[in-house]
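Structure record follows, encoded as structure tokens.
No value in this document is a laboratory result; all are computed from the given coordinates. Predicted, not measured: the structure shown is a model, and the values here were computed from it. Neighbour counts run over all protein chains shown; Cβ positions are idealised from the backbone, glycine included.
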There are 2 protein chains.
Amino acid sequence: MKIAILGFGSVGRGIARIVAERETGLVITAVADSKSGCIDNNGLNPLEVIRAKEETGLCGKKGVTPEYIIKNADYDALVEVTPTNAETGEPSLGFIKLALSTGKHVVTSNKGPVALNYDELSHIAREKEVQFKYEATVCGAIPIIQTLQYGLAGNKVKKLYGVFNGTCNYILTRMADERLTYKQALLEARELGYAEADPKYDVEGIDAAIKLVILANTIFGMKKRLEDVEITGICSLTSEAIELAEADELTIRLIGEIDNERGTLRVSPRVIPKDHTLVVQDTLNAVTIETDLAGEVTLIGRGAGSIETASAIISDLSFISNCHDRSS
Amino acid sequence: MKIAILGFGSVGRGIARIVAERETGLVITAVADSKSGCIDNNGLNPLEVIRAKEETGLCGKKGVTPEYIIKNADYDALVEVTPTNAETGEPSLGFIKLALSTGKHVVTSNKGPVALNYDELSHIAREKEVQFKYEATVCGAIPIIQTLQYGLAGNKVKKLYGVFNGTCNYILTRMADERLTYKQALLEARELGYAEADPKYDVEGIDAAIKLVILANTIFGMKKRLEDVEITGICSLTSEAIELAEADELTIRLIGEIDNERGTLRVSPRVIPKDHTLVVQDTLNAVTIETDLAGEVTLIGRGAGSIETASAIISDLSFISNCHDRSS
């Protein structure tokens, strides 16, 4: 299966490296970053494109734009991993629409377009009989979307809850284990690169809430927006609160929950037993899916990181490729 | 997608009930048990077939055999859930071969044919361009096969280990929690229906070992047989051993492990920290997959039970159906 990659930062290059080094059955025919692009319909040498990008800052010729590639390159699936504004979903949204409309499969790691425009995008995909996939947008390398769409197909999901933000989980783990204050733990998370300079998006629970919106709209057919999520972050948690919990063999985790029967979405710090399955350490994510047939299924793994994101993208491509090969 | 069901015990009826009560996109055109069968190429009424079976012990007319259905009914996928001898794989093996050879997809819950004859069966499936799926054979409702085949595609799996047998896990949980002896805990497991009258298959580690053989041969391309697995069961574990472990915040679990780098398979009781992710309670199963890109991914859920098995079968059918719809 031929793929075109838009966005050649650490995720895009990670994907190219995997294609170069492993038997994925994938061929890269086009790559674009924000300033340049390259096309070879017989297949680019991924390692050469990576080297060009790392040496010159450009992956190809100036003037070869994402739009040009979407319209003119020979590919089956677009890998859309551009740096994108989470609030507007652009430029990702425009690229995805254009590619789907021209009858190409699309795989993205960008939360914005999925959280904001899933209905429209999946409508175009259905009309054009192509796939629109977004495993990388929720819980990094954990195949949560695939598990919900296929692994637990036929089940009614009653509730889904868990740890969706690794930065908050790291801070809470450190506050409990080392008796750090919130500020000390946040500082440490920043130094280790787990938190942004402006950590608002993570610590106020917005990132976890967006992931809930994605699951609610794409899996459970809800029509939620970020404003519909009841959100409490971890910023005002005191070390005393955590110490109090720990004294009773309890601890605190930032839990996101979709109640599929009530149709409600919530993100809040909750006190849970220390031996609970969802009490994962450091930056891990963990999600429990409560179903009627399969009972509870829990998935635990790394929720972020560029190589983990690349892993999720390859997983989506592999899924499409399996169907693609069968239908072509 | 049209399906034919062979075997109409609790799993077969569970599948029929799900098809009757939910929007699965599946139509049942044929059903057979060991003594009878029925066919309606326009779609049977699943609830009527279930009622007939439960009232008369027969699902249809005598003389309508599985072989007749495989050859003559109009269906896309065969659901093979017959009672089958795990050592010979029959009658399941013959049914699966026949269906694949006539160009039908096959989904099975029977471990025997998958553990013993995967190479041959997958070869026929590839030749006929149909799918052969077996999610239900390992860890019940946990989508472990799908996660390995698609969710973590592109990853190199270094190791895979976990709790593959719910009966043993129940016995070990009870020995630790209630200070029961092995014999007392086994008796309790029997009374609750978690252990067979002859518990050998579970407590000697054979069931866990067969699951490892299935994963080794179908996912990792090994050529293993049951004899290749180094097996130690839990029968000779003393309460003293468990008490000793518990005193140090440790406990004992029966762990199955595939070392994909060394090519070795092992099932044995192991001492692990009580707060380890794999220390699940009661009859739960838990598996950790160690990969190079996604890191460690752990799945926890119910490893047995007829409705859980039905859930896994529906998951496989849904996967095939998604591809089937796209290619037809």
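Points to keep in mind about this one:
- Build a GNM of chain B with springs between Cα atoms under 10 Å apart, and of B:ASN110, B:ASN41, B:ASN285 the one that fluctuates most is B:ASN41.
- With its label point defined 7 Å out from Cα along the Cα-to-Cβ axis, A:VAL271 lies at 3.5 nm from the matching points of the other copies, in increasing order.
- Exam field: A:GLU48 pseudo-label spacings to other copies (7 Å along Cα-Cβ), nanometres: 6.6
- Put a plus charge on the Cβ of each Lys and Arg, a minus charge on the Cβ of each Asp and Glu, and nothing anywhere else: the dipole of the range B:146-302 about its Cα centre is then about 560 debye.
- Residue-wise HN-Hα coupling along the range B:196-203, computed from phi with Karplus coefficients 6.51, -1.76, 1.60 (Hz; x: Gly, Pro): 6, 4, 9, x, 2, 3, 7, 6
- Computed [θ] at 222 nm, helices only, for chain A once each DSSP H run of length n ≥ 4 contributes -39500 (n - 2.57): -12000 deg cm²/dmol
- Translational D in µm²/s for the range A:151-194 (Stokes-Einstein at 20 °C, 1.002 mPa s, Kirkwood Rh from C-alpha pairs): 174
- Neighbours of B:ASP74, meaning other residues whose beta-carbon lies under 10 angstrom from its beta-carbon, give a summed charge of -1 when Lys and Arg score +1 and Asp and Glu score -1.
- Nearest-20 debye value, chain B charge dipole, Cβ charges on Lys, Arg, Asp, Glu: 860
- Convex hull volume of the Cα atoms of the protein assembly as shown, normalised per residue: 156 Å³.
- Surface/4 estimate of mean projected area, convex hull on alpha-carbon atoms of the range B:1-92, nm²: 5.6
- Pairwise centroid distance, computed over Cα atoms, of the range B:182-196 with the range A:38-116, Å: 58
- Considering only B:ILE144, B:ILE231, B:ILE313, the mean-square fluctuation computed in a Gaussian network model of chain B, springs between alpha carbons under 10 angstrom, is largest for B:ILE231.
- Cα-only Debye scattering, the range B:1-49: base-10 log of I(q)/I(0) at q = 0.18, 0.30 Å⁻¹: -0.46, -1.29
- Sequence-distant residues sharing a close amide H with B:SER109 (under 5 Å, placed H): B:GLU80
- Local charge for A:ASP316 was computed over the other residues whose Cβ lies under 14 Å away, with Lys and Arg +1 and Asp and Glu -1, and equals -2.
- Taking every alpha-carbon pair in the range A:120-167 and binning the separations at 5 Å intervals from zero gives 5, 16, 20, 21, 22, 11, 5, 1 percent.
- Highest-fluctuation residue, A:LEU317, A:LEU116, A:LEU152 considered, GNM on chain A with Cα pairs under 10 Å: A:LEU152
- Pair-distance distribution P(r) for the range B:157-224, from all Cα-Cα distances in 5 Å bins starting at 0: 3, 17, 23, 19, 13, 10, 9, 5, 0 percent.
- Shielding by partners, peptide A:275-285 (average Cβ within 10 angstrom, other chains): 2
- Top positive-direction residue, dipole computed over the protein assembly as shown with Cβ charges, set A:THR56, A:ILE300, A:GLY140: A:THR56
- Secondary structure note: in the protein assembly as shown, about 65% of the DSSP beta bridges are antiparallel.
- The packing ranking, built from the mean of other Cβ atoms within 10 Å per residue, places the peptides B:209-216, B:244-251 in the order B:209-216, B:244-251, highest first.
- Pairwise FRET efficiency - B:ASN41 versus B:ARG17, Cβ, R0 = 22 Å, nearest 0.05: 0.55
- Expressed as a fraction of 2.2 N^0.38 Å, the C-alpha radius of gyration for the range B:146-302 is 1.04.
- Here the Karplus relation 6.51 cos²θ - 1.76 cosθ + 1.60, evaluated at θ = phi - 60°, turns the backbone of the range A:60-69 into coupling constants of x, 7, 4, x, 7, 8, x, 4, 4, 4 Hz, with x for every Gly and Pro.
- Put simply, the amide H of A:LEU250, placed in the peptide plane, has neighbours under 5 Å in A:LYS274, leaving out anything fewer than 5 places away on its chain.
- Principal axis box of chain A, alpha-carbon based, largest edge first, Å: 63, 46, 35
- Extent along the principal axes, Cα only, for the range B:1-158: 51, 30, 27 Å, with the longest axis given first.
- Under the membrane-span-like helix rule (DSSP H runs whose alpha carbons stretch at least 30 Å along the helix axis, mean Kyte-Doolittle hydropathy -1.0 or higher), chain A yields A:306-327.
- Counting only DSSP beta bridges whose two residues both lie in chain B, roughly 65 percent are antiparallel.
- The residues packed around A:TYR134, meaning those with a beta-carbon under 9 Å from its beta-carbon, carry a net charge of 0 if Lys and Arg are +1 and Asp and Glu are -1.
- Label distances, nm, B:GLU196 versus same residue in remaining copies, Cβ-directed 7 Å point: 5.7
- Taking every Cα-Cα distance in the range B:198-268 and sorting them into 10 Å bins starting at zero, the pair-distance distribution P(r) comes out as 20, 42, 26, 11, 0 percent.
- Per-residue mean of foreign Cβ neighbours for A:150-162 is 6 (Cβ atoms of other chains, 10 Å radius).
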